[in-house]
Amino acid sequence: MEKKEEFLLSEDQDSFWVIYLILDGKCQFKIGDKIGIAVGPSLLICPPNTIFERRVLESLSFHFFRLDLIGPHSYLHLESGLRNLNKERLCLNEKILRQYVYDLSAYSFFIRTHLIQDLLLFDSLNNQQPHYSQSQPTIRNSRIIELLHYIDQHYQEELTIEALSQKYCFNASYLSRLFKKELGISPKEYLLNIRLKNIQQLLISTNLPIEEIAELTGFKHGYYLSKYFKKKFGVSPSCFRKKHLI
């Protein structure tokens with residue numbers, strides 16, 4: 001992995017959780033009101049909509065991830081700032097992570113999320129400081145859980161509430177009501193959020209044109225992608241791409 005002598009941006013702000021997995025090197029950081037120096041192996045964790053300032057002090061090797069770790073699929077409560085890691089555990093997980101850094105499929109997203117959570121959980125157990133949230137929403141309906149997994153893995157496809165209802169043996173209206181009761185949003189909103197999250201990842205990590213990103217994420221045209229993206233985040237995809245270079 002190529003070492004970086006400096007960050008392209010000295011500060012940034014994102015709408016999702018940002019994870020810097022630092023393998024070696026040293027950097028100075030300020031995440032909200034948390035200030036310090038990170039030395040590899042370690043994790044820097046920045047919550048959504050939080051200003052992240054950073055400066056390389058010694059040549060840095062790291063992986064960058066944007067993850068949706070807080071929600072119905074997560075069993076960890078994250079806090080911003082620095083988490084030091086067990087070197088042996090990091091080497092094991094990083095070897096697998098490296099295979100999925102540039103793979104933007106739903107399966108790859110699941111693997112990356114799981115491995116990052118594994119590092120955090122191992123660190124918590126090792127230090128006897130379990131990080132969990134008792135306020136996390138609990139999804140009780142097993143078919144809704146199956147539906148969530150299906151959407152996560154097939155968001156690139158043309159999904160309709162009618163087709164999903166038929167697949168999981170629900171009445172369409174009942175499914176919408178039950179889904180919103182369990183998650184607080186409709187199936188359509190959930191699908192759109194998943195697509196937009198993956199669009200953000202593609203904008204940051206690839207040079208693909210908007211039309212091609214649209215095809216990869218379930219939008220028929222780049223026009224619709226741009227329309228929903230700007231409505232959700234307040235900026236166009238091209239402006240977002242320029243702002244979030246690392």
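The values are calculated or read from the model by the stated rules, or taken from the named source; none is laboratory data. What you see is a predicted model, and the numbers here were worked out from it, not measured in a lab. Cβ coordinates were reconstructed from backbone atoms using ideal geometry, including for glycine residues, and neighbour counts include every protein chain displayed. Note: areas computed on protein heavy atoms with side chains; ligands, DNA, RNA excluded. Shrake-Rupley method; radii C 1.70, N 1.55, O 1.52, S 1.80 Å.
In table form, for the structure just shown:
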read-out	value
Counted residues, the stretch 4-30 - those being at pLDDT 85 or above, among the charged types (D, E, K, R) and open to solvent by less than 30 Å² (accessible area, probe 1.4 Å)	1
Yes/no for Ser59 being of a type in the set (Gly, Ala, Ser) and at pLDDT below 90	no
Options Phe240, Phe170: the member that is open to solvent by less than 30 Å² (accessible area, probe 1.4 Å), part of a loop (DSSP other than H, G, I, E, B) and either out of contact with any Ser or Thr (no Cβ under 7 Å at 6 or more places or on another chain) or of a type in the set (A, V, I, L, M) (or both)	Phe170
Residue match in the stretch 177-200 (condition: in contact with a Pro (Cβ under 8 Å, 6 or more places away or on another chain), of a type outside the set (A, V, I, L, M, F, W, C), modelled with pLDDT of 90 or more and open to solvent by 20 Å² or more (accessible area, probe 1.4 Å))	no
Any pair with Cβ under 9 angstrom, 6 or more apart, that starts in the stretch 161-175 at a residue that is polar (S, T, N, Q) and ends at one that is assigned to a loop (DSSP other than H, G, I, E, B) and open to solvent by 50 Å² or more (accessible area, probe 1.4 Å)	Ser165/Asn171
Residues within the stretch 201-227 that are under 19 Å from Ser108 (Cα atoms), open to solvent by less than 30 Å² (accessible area, probe 1.4 Å) and assigned to a loop (DSSP other than H, G, I, E, B), tallied	2
